[in-house]
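The values are calculated or read from the model by the stated rules, or taken from the named source; none is laboratory data. On a predicted model such as this, the values are computed, not experimentally measured, just so you know. Don't worry about glycine lacking a Cβ; one is built from the backbone with ideal geometry, like all the others, and counts go over all protein chains shown. Just the protein is used for accessible areas: all its heavy atoms, side chains included, with ligands, DNA and RNA removed. Shrake-Rupley method; radii C 1.70, N 1.55, O 1.52, S 1.80 Å.
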2 protein chains.
Amino acid sequence: MTEERVEFRVSPRHYRHWRVTCDGPVATLTMDVDEQGGLVPGYELKLNSYDLGVDIELYDAVQRLRFEHPEVRTVVITSGKPKVFCAGANIRMLAASPHGWKVNFCKFTNETRNGIEDATASSGQTYLAAVNGTASGGGYELALACEHIMLIDDRSSAVSLPEVPLLGVLPGTGGLTRVSDKRHVRRDLADYFSTKAEGVGGKKAVQWRLVDEAVPRPRWDETVAARAAELAARSGRPQNAAGVALTPLAKTRDDDAIGYHHVEAALDRDTGKVDISVKGPPNDPPAGIAQARSAEFWPLAVTRELDDLILDLRTNEPGLGTWVFRTVGDPALVLGYDELLLASAGAGAADWFANEILHYLKRTLRRLDVTSRSLIAVIEPGSCFAGSLLELALAADRSFQLAGVFEDIDPDAEPAAITVGEINLGPLTMSNGLTRLQARFWGDEAGYEAAAKRKGEPLAAEDAAGLGLVTFAPDDIDWDDELRIATEERASFSPDALTGLEANYRFAGPETMETKIFGRLTAWQNWIFNRPNASGPDGALRRFGTGQRAVFDRKRV
Amino acid sequence: MTEERVEFRVSPRHYRHWRVTCDGPVATLTMDVDEQGGLVPGYELKLNSYDLGVDIELYDAVQRLRFEHPEVRTVVITSGKPKVFCAGANIRMLAASPHGWKVNFCKFTNETRNGIEDATASSGQTYLAAVNGTASGGGYELALACEHIMLIDDRSSAVSLPEVPLLGVLPGTGGLTRVSDKRHVRRDLADYFSTKAEGVGGKKAVQWRLVDEAVPRPRWDETVAARAAELAARSGRPQNAAGVALTPLAKTRDDDAIGYHHVEAALDRDTGKVDISVKGPPNDPPAGIAQARSAEFWPLAVTRELDDLILDLRTNEPGLGTWVFRTVGDPALVLGYDELLLASAGAGAADWFANEILHYLKRTLRRLDVTSRSLIAVIEPGSCFAGSLLELALAADRSFQLAGVFEDIDPDAEPAAITVGEINLGPLTMSNGLTRLQARFWGDEAGYEAAAKRKGEPLAAEDAAGLGLVTFAPDDIDWDDELRIATEERASFSPDALTGLEANYRFAGPETMETKIFGRLTAWQNWIFNRPNASGPDGALRRFGTGQRAVFDRKRV
């Protein structure tokens, strides 16, 4: 799409497409897309349509509201344009984008909308969609991510999912899943609605459960304000807390390396591999969470860095198919920080900041779970795969832990160990609702119990492998060969087959709305994106807006 | 693939690839594929590899064992070839097949393996895989569908899923899902196993849960016999019942029509539509199930006909994208037959034959649920959408029920009615574990209760629409236009987008192993099948066996 790298670090001062205003417990996120502000040349962002750049700002705004505004309890999403709420993803942008860009774009927008739902569910920041004009496609899907949807009742505004009839693709940002599984629209009505390009408005939209209420224009402002206040009243967010500024993330970036304060990545284009190193905390945790309120606080800082790294690599480095994770540091310090977070966020204490960090880490790890790269964890002497950082190893497709030490390098080193912590047993759930440890031992209760029982105990390679917590435990002699073979082999396989393999094995067990969006919905959408009926020269996506009808191969597959 | 139509009606006398032997409670299904017996020219079915023709025979054998052999309690699947159990789907066949053929082939093979699991779970016929040689790819997936997997321990036989490393595609017949969700192989071991082309055998295969036991050759026969006897001992199948022969299905077929005794289909190539008419029972149900033991028994006969019709249309008529279902007959008779089945199959009574018919109907309706065609039900005066036949309307993406009568045709007719029966409230579950009525009202308990409460009551259009049991209730004046618009509109949309839309909306709510196979796994596989890395001229699937390595676009999507 573009030779320039996409940058995910933005700040409100430089937003081009969104306005954030805070009024006590109610924040308003106003979408007012700059038509000329597309991320790459070649399209105009008319009618509040969006591209990745618009969504990067939205993601940033959602994050900042959680950390910088503890007082905000309701977030109203509305439009700054007359008569249109949001027209969804920009079609010219989609039509011109290569397949990989489309898929990555949809993944990120999905994650942002899941984050909106997570703010509502986990953070006491409830999202309200004030749909003050027509919401079509991704525009309605944005509303669907909100807890409450208000539609202006003016005889012209409607909600719609016109992707199937107009574009020959699916609503790709969770629409179908949320219509059926969240809003419980009956399947036949949903089917009809999703093939009716002009959508449904007014009372019928309420009756079909597509929106929660339709409000006439004269009563619009007061009703939105009343609903926002009602939702705010249900929240447990603190009254007089000061926010924590998400200060600019320091980062160095060139073709070969990405560096942050706690995270470093070495990009190896020859082998298609990224070596990622995460540093443990540089010092003891503060005495209490009150002394921790800063973006420098290690758990928050390292999570922000990981988050940015994942997004950068996913978007800018599709050719690097294997990510190898290492950690460096003191496991006891990692566990100490985890303990502070857990003790502060737990029932009774319920510190908002500790709660936000835990959920942010949860979301960042979930981003890893749906990343289409092979993930390998390498556990060596001096590493700190304990508690929260052990999740990186548990998220990996395979892990290697050195048995013993590197005799030639440091024969007196402590052998590598991993440590299960309390944090691995609860809060950091995957999108299927299970912890990574539960997913690992899905269907093997005894295995789970045996591993969980060793909580707090440093486990050397033989032990960890015996318990099933790591995959392989080679010794010094075999180490280099085994790692080399694993990564070389991975690089020799079809990248598409690996993506499918990983997308299946990473999600054993139950499915949720979130996993259905990344599994059932996304996989079908990716298939459709790749089909000539959508993306071929005569396909619906390419022909949209040209005045020419699409030409379809009518055979059903 | 072929100009000739594929025929799904086969009989054991003409099997080319399988031998069925029955010895009291134990049947043995021996796979011995005729290399020259491929369904279409161009490939040899070496090493017990299979194509659709081989699997059609397997499906037939599985069906017949349930109906014709009430005495059979264990079915042993084994190979008649030395050193090889089954090499999976034939690669040359796959490589030469167009995309739609691959997808349809995988769907059918998946359904057959789900049927094997259904026999084990619902019928007291437990499948045992006696893997007496190497089982790779679809060969191992066939074993995975069995309840118990025995692998011969001879230092050479192994189970493997070499699709990713050798072919650049996924194991497409449930392999990944069953490895993780049925056999609970740990995700990292599963990942390793699925990239190791030569597979895993012996003790390690047991340790990793890939098989249940590894048995040395000298003890092979006796151990297989012992396990078969043990599994048979757990069954509740009757001791001295006589089977019901699945007599040849009478069928007429030309380019424009397909006709059976109770089911007729008119193929309209201009509009891409099939009009399917299902006739209700021609007479009263017999006094008891004992008098019903024949393939002529209406519920069995009509299910067999529907089953064959679905398979025929899916495979031979991909250009006909919309199926319109009508019924003709007396709703009271349908309900009468349903009642006989339910009373006979219910706890206490537990008649094996009634039980088999109910599960067969369940499986056939599930076939409809995963059929990539738009399904429309049309409910007119004289129809019998009641009980079991109401499921056709509940399976449809949309339904139309005439309000009132056709004034010009028969002003004195009884208005069309639908009737919820007891059978709609339980046994005919979808693959997500819900009844179609539960799925329809997913998240709407009150709606479900209101509909279920009207059980047994004929519901006219306004009532049925008010209760949410049908989609639209137009009157005589609008009827033709509404139906015409619905089908014309459907025919104008992208067939791929419709497939994705339907695959999402038909499966609201929970997911099971079966829905994961048709959702997550299949959708990813279809995407991969469509990618140049697999199916392009230099892709892995096309290059397999040529001595040339595949050339991959290394970018991850």
* Residues satisfying the stated conditions in segment A:186-209, i.e. more than 9 Å from chain B (Cβ to nearest Cβ), crowded, with 24+ Cβ neighbours inside 10 Å and either hydrophobic (A, V, I, L, M, F, W, C) or within 15 Å of residue B:468 (Cα to Cα) (or both) -> A:205
* Structure fact -> All-but-one check, residue B:479 against (1) of a type outside the set (Gly, Ala, Ser); (2) in a helix (DSSP H, G or I); (3) within 11 Å of chain A (Cβ to nearest Cβ), failing number (3)
* To do: Among the residues of segment B:164-185, write down those that are without any contact (Cβ under 8 Å) to a residue 40 or more places away in the chain and either more than 10 Å from chain A (Cβ to nearest Cβ) or open to solvent by 20 Å² or more (accessible area, probe 1.4 Å) (or both).
  => B:165, B:183, B:184
* Asked: Do any residues in segment B:142-159 that are in contact (Cβ under 8 Å) with a residue 24 or more places away in the chain have Cβ atoms under 6 Å from those of residues that are of a type in the set (S, T, N, Q), where the two are at least six apart or on different chains, and which pairs are they?
  -> B:147/B:120; B:147/B:126; B:152/B:132; B:157/B:134; B:158/B:134
* Please find, among B:9, B:19, the residue that is assigned to a strand (DSSP E or B) and either closer than 28 Å to residue A:557 by Cα or open to solvent by 60 Å² or more (accessible area, probe 1.4 Å) (or both). => B:19
* Asked: What residue, of B:491, B:497, is of a type outside the set (Asp, Glu), facing chain A (nearest Cβ under 9 Å) and surrounded by 21 or more Cβ atoms within 10 Å (Cβ to Cβ)?
  -> B:497
* Within segment B:500-515, which residues are touching a residue at least 24 places away in the same chain (Cβ under 8 Å), part of a helix (DSSP H, G or I) and within 11 Å of another protein chain (Cβ to nearest Cβ)? -> B:502, B:503, B:505, B:513, B:515
* Would you check which residues across segment B:445-463 are within 12 Å of chain A (Cβ to nearest Cβ) and open to solvent by less than 40 Å² (accessible area, probe 1.4 Å) and list them? => B:447, B:448, B:451
* Asked: Within segment B:345-366, can you find the residues that are open to solvent by less than 10 Å² (accessible area, probe 1.4 Å), farther than 13 Å from residue B:122 by Cβ and not β-branched (Val, Ile, Thr)?
  -> B:353, B:365
* To do: Being within 10 Å of residue A:461 (Cβ to Cβ) and in a loop (DSSP other than H, G, I, E, B) is the filter; apply it to segment A:399-420 and report the residue that is farthest from the chain's Cα centre (by Cα).
  => A:404
* So which pairs qualify, if the first residue must be in segment B:20-35 and farther than 18 Å from residue B:119 by Cα, the second must be part of a strand (DSSP E or B) and basic (Lys, Arg), the Cβ gap must be under 7 Å, and the two must be at least 6 apart or on different chains? -> B:32/B:19
* To do: Considering each of B:127, B:192, B:140 in turn, give the residue that is within 19 Å of the chain's Cα centre (by Cα) and among the aromatic types (Phe, Trp, Tyr).
  => B:127
* Asked: Do you know which of the residues in segment B:243-261 that are closer than 19 Å to residue B:299 by Cβ and in contact (Cβ under 8 Å) with a residue 60 or more places away in the chain is most open to solvent (accessible area, probe 1.4 Å)?
  -> B:248
* Asked: Which pairs do you get when a residue that is within 14 Å of chain A (Cβ to nearest Cβ), found in segment B:421-444, comes within reach of a residue that is in a loop (DSSP other than H, G, I, E, B) and polar (S, T, N, Q), reach meaning Cβ atoms under 7 angstrom, with the pair 6+ apart or on two chains?
  -> B:431/B:512; B:432/B:512; B:433/B:512; B:435/B:429; B:439/B:432
* **Hits in segment B:355-379 - residues which are away from chain A (no Cβ under 11 Å) and more than 11 Å from the chain's Cα centre (by Cα)** => B:355, B:356, B:357, B:358, B:359, B:378, B:379
* Scan segment A:404-429 residue by residue and report those that are within 24 Å of residue B:191 (Cα to Cα) and either crowded, with 21+ Cβ neighbours inside 10 Å or among the polar types (S, T, N, Q) (or both). => A:416, A:418, A:419, A:420, A:424, A:428, A:429
* Examine segment A:523-545 for a residue that is more than 30 Å from residue A:162 (Cα to Cα) and not in a helix (DSSP H, G or I), and state whether such a residue exists. => no
* **Failed criterion for residue B:485 (all others in (1) more than 10 Å from chain A (Cβ to nearest Cβ); (2) touching an Asp or Glu at 6+ places or on another chain (Cβ under 9 Å); (3) of a type in the set (Val, Ile, Thr) hold)** => (2)
* Selection count where residues are closer than 18 Å to residue B:73 by Cβ, out of contact with any Phe, Trp or Tyr (no Cβ under 7 Å at 6 or more places or on another chain) and modelled with pLDDT of 95 or more, scope segment B:236-246 -> 1
* Considering (1) open to solvent by 40 Å² or more (accessible area, probe 1.4 Å); (2) in contact (Cβ under 8 Å) with a residue 12 or more places away in the chain; (3) within 14 Å of chain A (Cβ to nearest Cβ), say which one residue B:270 fails and leave the rest. => (2)
* Taking residue A:222, is it part of a loop (DSSP other than H, G, I, E, B), more than 10 Å from every other protein chain (Cβ to nearest Cβ), surrounded by fewer than 20 Cβ atoms within 10 Å (Cβ to Cβ) and at negative phi? -> no
* **Scan of segment A:331-344 for residues that are open to solvent by 40 Å² or more (accessible area, probe 1.4 Å) and out of contact with any strand residue (DSSP E or B) (no Cβ under 9 Å at 6 or more places or on another chain), ordered by number** => A:339, A:342, A:343
* residue B:309 being surrounded by 22 or more Cβ atoms within 10 Å (Cβ to Cβ) and in a helix (DSSP H, G or I) -> yes
* Only one of (1) of a type in the set (A, V, I, L, M, F, W, C); (2) in a strand (DSSP E or B); (3) in contact with a Pro (Cβ under 7 Å, 6 or more places away or on another chain) fails for residue A:325. Which number is that? -> (3)
* Does at least one position in segment A:228-239 carry a residue that is charged (D, E, K, R), surrounded by fewer than 18 Cβ atoms within 10 Å (Cβ to Cβ) and more than 29 Å from residue B:447 (Cβ to Cβ)? -> no
